[in-house]
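Q: Structure in structure tokens, see below.
Values quoted throughout were computed directly from the atomic coordinates according to the rules given, and no laboratory measurement underlies them. All values reported here derive from a predicted model rather than from experimental measurement. Note that each Cβ is placed from the backbone with ideal geometry, even for glycine, and that neighbours are counted across all protein chains shown.
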Amino acid sequence: MSDTKQDQPNDFVQWRHAPASRWIYCPLCREPLSNQTWDGRERRYCAHCGFVYWERALPAVAVLVFEPVRQEILLVTRRYPPFVGGLTFPGGGIELGESVVDAAVREVREETGLLVSLDRQFGTWATPHNDTIITFFRGHPIDGEIAAGSDAEDACFYPWDKAPSLAFSLHNMVLHLFRTEMGMTIPAS
């Protein structure tokens with residue numbers, strides 16, 4: 001068995017592309033990139049083949065999985081940066097050729113082992129730096145056994161009204177909106 005670096009487990013999965021400033025060579029023809037103004041913004045450009053690096057926000061999904069009988073929501077503990085060990089809703093990036101709905105169902109399955117049915121779209125918001133656009137769904141489990149997936153340390157249900165603070169401000173905002181909605185729809189005991 002080899003002990004080379006490539007055979008060692010990756011301690012950090014780099015899922016986000018490098019910013020434009022870090023692109024030195026054209027990914028198509030390998031010639032050096034330069035800066036050129038396109039549509040009023042400076043962008044990385046290849047004078048040899050015409051490649052332009054259009055830096056865009058990444059599309060992502062997250063699912064507020066609600067277990068109605070126990071009145072609990074599903075949260076995952078993050079395995080990778082940012083916020084290793086922090087709690088979030090299960091979710092992640094939308095893959096090429098995948099619908100937003102399919103991505104949401106896949107991400108929950110990958111991170112928690114559960115198959116969910118999506119009840120509705122909760123909303124779409126940008127992260128504070130506008131680098132990711134996240135569509136949030138509300139759903140409920142329909143099959144599977146809860147088990148942390150490859151990019152989650154843990155997956156666990158929490159009472160919806162007592163769940164701890166989440167790692168990302170946007171997830172906390174959605175949790176607050178959900179609690180407000182639940183307070184309006186579930187009679188107090």
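Q: If you line up the Cα atoms of the chain on their principal axes, what length do they span on each, largest first, in Å?
A: That works out to 69, 52, 28 Å along the principal axes.
Q: So if each residue of separation counts as 0.36 nm, and I subtract the Cα-Cα distance between L28 and F83, what length gain in nm does that give? Working shown, then result.
A: Numbers: separation 55, 0.36 × 55 = 19.80 nm, distance 3.40 nm.
Stretched fully, the L28-F83 segment lengthens by 16.4 nm.
Q: Of the residues N35, N130, N172, which exhibits the maximal mean-square fluctuation in a Gaussian network model of the chain defined by a 10 Å Cα contact cut-off?
A: Most flexible of the set in this elastic network: N35.
Q: Same structure, new question: Under the rule of at least 5 residues apart or a separate chain, name every residue whose amide H is placed under 5 Å from the amide H of T132.
A: Answer set, sorted by chain and number: L58, T127.
Q: Return the loop-located trypsin sites (Lys or Arg not before Pro) in segment 22-95 (DSSP other than H, G, I, E, B) with at most 13 other Cβ atoms within 10 Å of their own Cβ; answer none if there are none. Spell out each step's value before the answer.
A: Details: sites: R22, R30, R41, R43, R44, R56, R70, R78, R79; in loops: R30, R56, R70, R79.
In loop regions of segment 22-95 (DSSP not H, G, I, E or B), the sparsely surrounded trypsin sites (Lys or Arg not before Pro) are R30, R56, R70.
Q: Can you give me the long-range amide H partners of E55? Hydrogens built in the peptide plane at 1.01 Å from N, cutoff under 5 Å, separation of 5 or more residues or another chain.
A: The answer is none.
Q: While we're here: Would you mind counting up the charge near V63? Only other residues with Cβ under 13 Å from its Cβ, with Lys and Arg at +1 and Asp and Glu at -1.
A: Details: positive: R106, R109, R120, R138; negative: E67, D102, E107, E110, E111, D119.
With Lys, Arg at +1 and Asp, Glu at -1, the neighbours total -2.
Q: Another question, then. Within the chain, what is the longest stretch that has no chymotrypsin sites (Phe, Trp or Tyr not before Pro) placed in a DSSP loop and near at most 15 other beta-carbon atoms within 10 Å? Write down the numbers at each step before the final one.
A: On the way: sites that count: F12, W15, W54, F83.
No qualifying site falls inside 84-189, the longest such stretch.
Q: For segment 118-187, run through the trypsin sites (Lys or Arg not before Pro) and keep only the ones in DSSP coil with at most 10 other Cβ atoms within 10 Å of their Cβ.
A: Values: sites: R120, R138, K162, R179; in loops: K162.
Qualifying residues, ordered by number: K162.
Q: Output the relative contact order of the chain, whole-number percent, from Cα pairs under 8 angstrom with separation of 6+ residues.
A: It rounds to 20 percent for the chain.
Q: Roughly how far apart, in whole Å, are the Cα centres of segment 31-84 and segment 138-182?
A: If we compute the Cα centre of each part, the gap is 22 Å.
Q: Could you list, by residue number, the cysteines of the chain that have no other cysteine's beta carbon within less than 4.7 Å of their beta carbon?
A: Among the cysteines of the chain, those whose Cβ sits 4.7 Å or more from every other are C156.
Q: Moving to a separate point now. In deg cm²/dmol, rounded to 500, what helix-only [θ] at 222 nm does the chain give when every DSSP H run of at least 4 residues adds -39500 (n - 2.57) and the total is split over its residues?
A: Values: 2 runs with 30 residues, N = 189.
Roughly -5000 deg cm²/dmol at 222 nm, from the helical runs in the chain.
Q: Further question: Gaussian network model of the chain, Cα springs within a sub-10 Å range: biggest mean-square fluctuation belongs to which of A147, A62, A47?
A: Residue with maximal mean-square fluctuation among A147, A62, A47: A47.
Q: Here is a follow-up. Test of understanding: in a Gaussian network model of the chain with alpha carbons linked when under 10 Å, which of E42, E55, E67 would top the mean-square fluctuation ranking?
A: Ranking E42, E55, E67 by mean-square fluctuation puts E42 first.
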